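As C-alpha coordinates, the structure follows; a few thoughts come after it.
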Amino acid sequence: MADDNYMWSNPDRDRGVLTPDDRKFLLGQTDYKNPQSARRRRARIRQRVTDALLDFHLLCELEDRDRDQIFDRESADLGIGFSGAYSFLYDGLVRYWDDYEHVDMNLIVYIEQAIQKADFNRGYRTEFTMDLERDKLADPRQIFQRAKEQGYQSLTWPELEYIWESTEVNADEFARFLSNMLGEDIDARQIRLERNLTGK
(Lines give C-alpha, C1' and ligand atoms only; values in the text may rest on other atoms or scores of the structure.)
Protein backbone atom coordinates (compact mmCIF):
# COMPACT_ATOMS: atom_id res chain seq x y z
CA MET A 1 0.00 0.00 0.00
CA ALA A 2 1.12 3.56 -0.65
CA ASP A 3 2.51 4.95 2.57
CA ASP A 4 4.47 8.14 3.22
CA ASN A 5 6.87 6.12 5.38
CA TYR A 6 8.09 4.42 2.23
CA MET A 7 8.71 7.50 0.10
CA TRP A 8 12.06 7.14 -1.70
CA SER A 9 13.31 10.46 -0.32
CA ASN A 10 12.51 9.60 3.31
CA PRO A 11 15.88 8.51 4.75
CA ASP A 12 14.30 7.04 7.88
CA ARG A 13 12.29 4.28 6.22
CA ASP A 14 13.26 0.69 6.97
CA ARG A 15 16.67 -0.55 5.86
CA GLY A 16 16.95 -1.89 2.32
CA VAL A 17 20.22 -2.02 0.44
CA LEU A 18 20.97 1.28 2.19
CA THR A 19 20.67 2.07 5.87
CA PRO A 20 19.00 5.31 7.02
CA ASP A 21 22.48 6.75 7.64
CA ASP A 22 23.55 5.76 4.10
CA ARG A 23 20.55 7.60 2.67
CA LYS A 24 21.24 10.73 4.67
CA PHE A 25 24.83 10.66 3.43
CA LEU A 26 23.79 10.29 -0.24
CA LEU A 27 21.12 12.99 0.14
CA GLY A 28 23.75 15.38 1.51
CA GLN A 29 22.13 15.50 4.95
CA THR A 30 25.23 14.28 6.78
CA ASP A 31 28.32 16.42 7.23
CA TYR A 32 31.38 14.34 8.06
CA LYS A 33 34.06 16.54 9.57
CA ASN A 34 36.49 13.62 9.36
CA PRO A 35 37.15 12.60 5.70
CA GLN A 36 37.99 9.08 6.85
CA SER A 37 34.43 8.66 8.19
CA ALA A 38 33.05 9.57 4.76
CA ARG A 39 35.43 7.10 3.09
CA ARG A 40 34.28 4.34 5.45
CA ARG A 41 30.64 5.16 4.70
CA ARG A 42 31.27 4.96 0.94
CA ALA A 43 33.14 1.65 1.35
CA ARG A 44 30.23 0.14 3.31
CA ILE A 45 27.76 1.32 0.67
CA ARG A 46 29.88 -0.19 -2.12
CA GLN A 47 30.04 -3.54 -0.35
CA ARG A 48 26.31 -3.66 0.37
CA VAL A 49 25.45 -2.76 -3.24
CA THR A 50 27.79 -5.50 -4.52
CA ASP A 51 26.18 -8.03 -2.18
CA ALA A 52 22.69 -6.86 -3.20
CA LEU A 53 23.47 -7.36 -6.90
CA LEU A 54 24.59 -10.93 -6.20
CA ASP A 55 21.45 -11.49 -4.12
CA PHE A 56 19.21 -10.80 -7.12
CA HIS A 57 20.05 -14.26 -8.42
CA LEU A 58 18.66 -15.70 -5.17
CA LEU A 59 15.58 -13.47 -5.33
CA CYS A 60 14.52 -15.41 -8.44
CA GLU A 61 13.54 -18.14 -5.94
CA LEU A 62 11.12 -15.84 -4.11
CA GLU A 63 7.56 -17.20 -4.15
CA ASP A 64 4.87 -15.59 -6.29
CA ARG A 65 2.80 -14.57 -3.27
CA ASP A 66 5.75 -12.57 -1.93
CA ARG A 67 6.45 -10.96 -5.31
CA ASP A 68 2.78 -9.97 -5.62
CA GLN A 69 2.98 -8.12 -2.30
CA ILE A 70 6.27 -6.39 -3.22
CA PHE A 71 4.96 -5.17 -6.57
CA ASP A 72 1.73 -3.77 -5.18
CA ARG A 73 0.06 -1.53 -7.82
CA GLU A 74 -0.88 0.97 -5.11
CA SER A 75 2.75 1.65 -4.19
CA ALA A 76 3.38 4.93 -6.03
CA ASP A 77 7.12 4.90 -5.30
CA LEU A 78 7.79 1.73 -7.29
CA GLY A 79 7.91 3.70 -10.54
CA ILE A 80 10.77 5.77 -9.18
CA GLY A 81 12.41 2.56 -7.95
CA PHE A 82 12.14 0.89 -11.37
CA SER A 83 13.58 3.93 -13.14
CA GLY A 84 16.45 4.27 -10.68
CA ALA A 85 17.25 0.54 -10.80
CA TYR A 86 17.39 0.39 -14.61
CA SER A 87 19.48 3.57 -14.78
CA PHE A 88 21.91 2.35 -12.12
CA LEU A 89 22.32 -1.09 -13.73
CA TYR A 90 22.84 0.32 -17.21
CA ASP A 91 25.42 2.79 -15.90
CA GLY A 92 27.13 -0.13 -14.17
CA LEU A 93 27.27 -2.07 -17.43
CA VAL A 94 28.84 0.93 -19.19
CA ARG A 95 31.46 1.18 -16.43
CA TYR A 96 32.15 -2.57 -16.57
CA TRP A 97 32.93 -2.47 -20.30
CA ASP A 98 35.12 0.11 -21.99
CA ASP A 99 33.40 0.01 -25.39
CA TYR A 100 29.78 0.25 -26.46
CA GLU A 101 30.07 -2.83 -28.66
CA HIS A 102 30.35 -5.02 -25.55
CA VAL A 103 27.88 -2.85 -23.61
CA ASP A 104 25.18 -3.23 -26.27
CA MET A 105 25.82 -6.94 -26.78
CA ASN A 106 25.52 -7.69 -23.06
CA LEU A 107 22.59 -5.33 -22.57
CA ILE A 108 20.61 -7.06 -25.32
CA VAL A 109 21.46 -10.52 -23.98
CA TYR A 110 20.58 -9.66 -20.37
CA ILE A 111 17.29 -7.95 -21.23
CA GLU A 112 16.31 -10.67 -23.73
CA GLN A 113 16.99 -13.43 -21.18
CA ALA A 114 15.08 -11.58 -18.46
CA ILE A 115 12.01 -10.96 -20.63
CA GLN A 116 11.95 -14.45 -22.15
CA LYS A 117 12.37 -16.19 -18.78
CA ALA A 118 9.67 -14.11 -17.06
CA ASP A 119 7.24 -14.50 -19.97
CA PHE A 120 7.93 -18.24 -20.28
CA ASN A 121 6.97 -18.65 -16.61
CA ARG A 122 3.67 -16.97 -17.51
CA GLY A 123 3.07 -19.23 -20.49
CA TYR A 124 4.38 -17.04 -23.32
CA ARG A 125 7.10 -17.39 -25.93
CA THR A 126 8.63 -13.96 -26.64
CA GLU A 127 10.76 -12.69 -29.53
CA PHE A 128 12.88 -9.70 -28.55
CA THR A 129 14.49 -6.99 -30.68
CA MET A 130 16.14 -3.75 -29.63
CA ASP A 131 17.70 -0.83 -31.52
CA LEU A 132 19.98 1.75 -29.96
CA GLU A 133 21.05 5.11 -31.33
CA ARG A 134 23.50 7.43 -29.60
CA ASP A 135 24.18 11.07 -30.37
CA LYS A 136 27.35 12.50 -28.86
CA LEU A 137 26.46 15.62 -26.91
CA ALA A 138 28.64 18.63 -26.34
CA ASP A 139 30.07 19.23 -22.89
CA PRO A 140 27.04 19.99 -20.63
CA ARG A 141 28.60 23.31 -19.63
CA GLN A 142 28.69 24.32 -23.29
CA ILE A 143 25.05 23.33 -23.74
CA PHE A 144 23.95 25.43 -20.76
CA GLN A 145 26.12 28.36 -21.83
CA ARG A 146 24.74 28.30 -25.39
CA ALA A 147 21.18 28.08 -24.08
CA LYS A 148 21.86 31.06 -21.82
CA GLU A 149 23.53 33.21 -24.49
CA GLN A 150 21.63 32.18 -27.65
CA GLY A 151 18.38 30.76 -26.29
CA TYR A 152 16.91 27.26 -26.37
CA GLN A 153 16.28 27.50 -30.12
CA SER A 154 20.05 27.16 -30.65
CA LEU A 155 20.01 23.60 -29.27
CA THR A 156 19.60 20.33 -31.15
CA TRP A 157 16.84 17.85 -30.23
CA PRO A 158 19.24 15.61 -28.25
CA GLU A 159 20.45 18.71 -26.38
CA LEU A 160 16.87 19.77 -25.65
CA GLU A 161 16.19 16.28 -24.26
CA TYR A 162 19.26 16.66 -22.05
CA ILE A 163 18.03 20.05 -20.84
CA TRP A 164 14.61 18.48 -20.10
CA GLU A 165 16.23 16.17 -17.55
CA SER A 166 18.62 18.70 -15.99
CA THR A 167 17.83 20.72 -12.88
CA GLU A 168 20.27 23.35 -14.19
CA VAL A 169 17.36 24.72 -16.21
CA ASN A 170 14.17 26.18 -14.75
CA ALA A 171 11.32 23.75 -15.51
CA ASP A 172 8.62 26.45 -15.84
CA GLU A 173 10.70 28.52 -18.26
CA PHE A 174 11.63 25.49 -20.33
CA ALA A 175 8.01 24.26 -20.43
CA ARG A 176 6.90 27.67 -21.78
CA PHE A 177 9.54 27.51 -24.53
CA LEU A 178 8.50 23.98 -25.57
CA SER A 179 4.80 24.89 -25.49
CA ASN A 180 5.41 27.82 -27.87
CA MET A 181 7.68 25.80 -30.15
CA LEU A 182 5.47 22.69 -30.38
CA GLY A 183 2.12 24.47 -30.27
CA GLU A 184 0.86 22.30 -27.42
CA ASP A 185 0.70 22.65 -23.67
CA ILE A 186 3.77 21.21 -21.94
CA ASP A 187 3.27 20.84 -18.18
CA ALA A 188 6.28 21.86 -16.07
CA ARG A 189 5.14 19.34 -13.44
CA GLN A 190 5.87 16.51 -15.90
CA ILE A 191 9.40 17.83 -16.38
CA ARG A 192 9.96 17.93 -12.62
CA LEU A 193 8.53 14.40 -12.23
CA GLU A 194 10.86 12.96 -14.88
CA ARG A 195 13.82 14.73 -13.29
CA ASN A 196 12.96 13.01 -10.01
CA LEU A 197 12.69 9.64 -11.81
CA THR A 198 16.14 10.03 -13.36
CA GLY A 199 17.67 11.31 -10.16
CA LYS A 200 18.81 14.58 -11.76
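Listed here are the residues, each with its yes/no results for (1) under 30 Å from Asp68 (Cα atoms); (2) modelled with pLDDT under 90.
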| site | (1), (2) |
| --- | --- |
| Tyr100 | no, no |
| Asn106 | yes, no |
| Tyr124 | yes, no |
| Arg134 | no, yes |
| Asp139 | no, yes |
| Gln145 | no, yes |
| Glu149 | no, yes |
| Gly183 | no, yes |
Condition test on Arg41, is it among the charged types (D, E, K, R), closer than 21 Å to Pro11 by Cβ and not in a loop (DSSP other than H, G, I, E, B)? yes
Only one of (1) at pLDDT below 85; (2) touching a helix residue (DSSP H, G or I) at 6+ places or on another chain (Cβ under 8 Å) fails for Asn170. Which number is that? (2)
Output the number of the condition that Ser75 fails; it satisfies all remaining conditions of (1) polar (S, T, N, Q); (2) surrounded by 14 or more Cβ atoms within 10 Å (Cβ to Cβ); (3) part of a helix (DSSP H, G or I). (3)
Odd one out for Val17, checked against (1) in a helix (DSSP H, G or I); (2) under 18 Å from the mean Cα position of the chain (by Cα); (3) within 30 Å of Asp119 (Cβ to Cβ); (4) not small (Gly, Ala, Ser): (1)
So which residues in segment 31-46 are at pLDDT 90 or above and either hydroxyl-bearing (Ser, Thr, Tyr) or within 20 Å of the chain's Cα centre (by Cα) (or both), if there are any at all? Ser37, Arg42, Ile45, Arg46
Do you know which residues across segment 20-57 are closer than 27 Å to Ala114 by Cβ and either exposed (fewer than 12 other Cβ atoms within 10 Å of the Cβ) or in contact with a strand residue (DSSP E or B) (Cβ under 8 Å, 6 or more places away or on another chain) (or both)? Arg46, Gln47, Thr50, Asp51, Leu54, Asp55, Phe56, His57
Can you find, within segment 149-200, the residue that is surrounded by the fewest Cβ atoms within 10 Å (Cβ to Cβ) among those that are outside any loop (DSSP other than H, G, I, E, B) and of a type in the set (Asp, Glu)? Glu149
Matching residues in segment 92-138 - criterion: being in contact with a Ser or Thr (Cβ under 7 Å, 6 or more places away or on another chain) and either closer than 20 Å to Leu53 by Cβ or among the β-branched types (Val, Ile, Thr) (or both): Ile115
Flag if Gly92 is part of a loop (DSSP other than H, G, I, E, B), modelled with pLDDT of 90 or more, not aliphatic (A, V, I, L, M) and not assigned by TED's automatic domain parsing to the domain that holds Leu59: no
Residues of segment 80-121 being in contact with a Leu (Cβ under 7 Å, 6 or more places away or on another chain) and more than 23 Å from Arg46 (Cα to Cα), in sequence order, are Asp104
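The values are calculated or read from the model by the stated rules, or taken from the named source; none is laboratory data. For clarity, every value in this text was computed on a predicted model and none was experimentally measured. Heads up, the Cβs are rebuilt from the backbone with ideal geometry, glycines too, and the neighbour counts pull from every protein chain shown.
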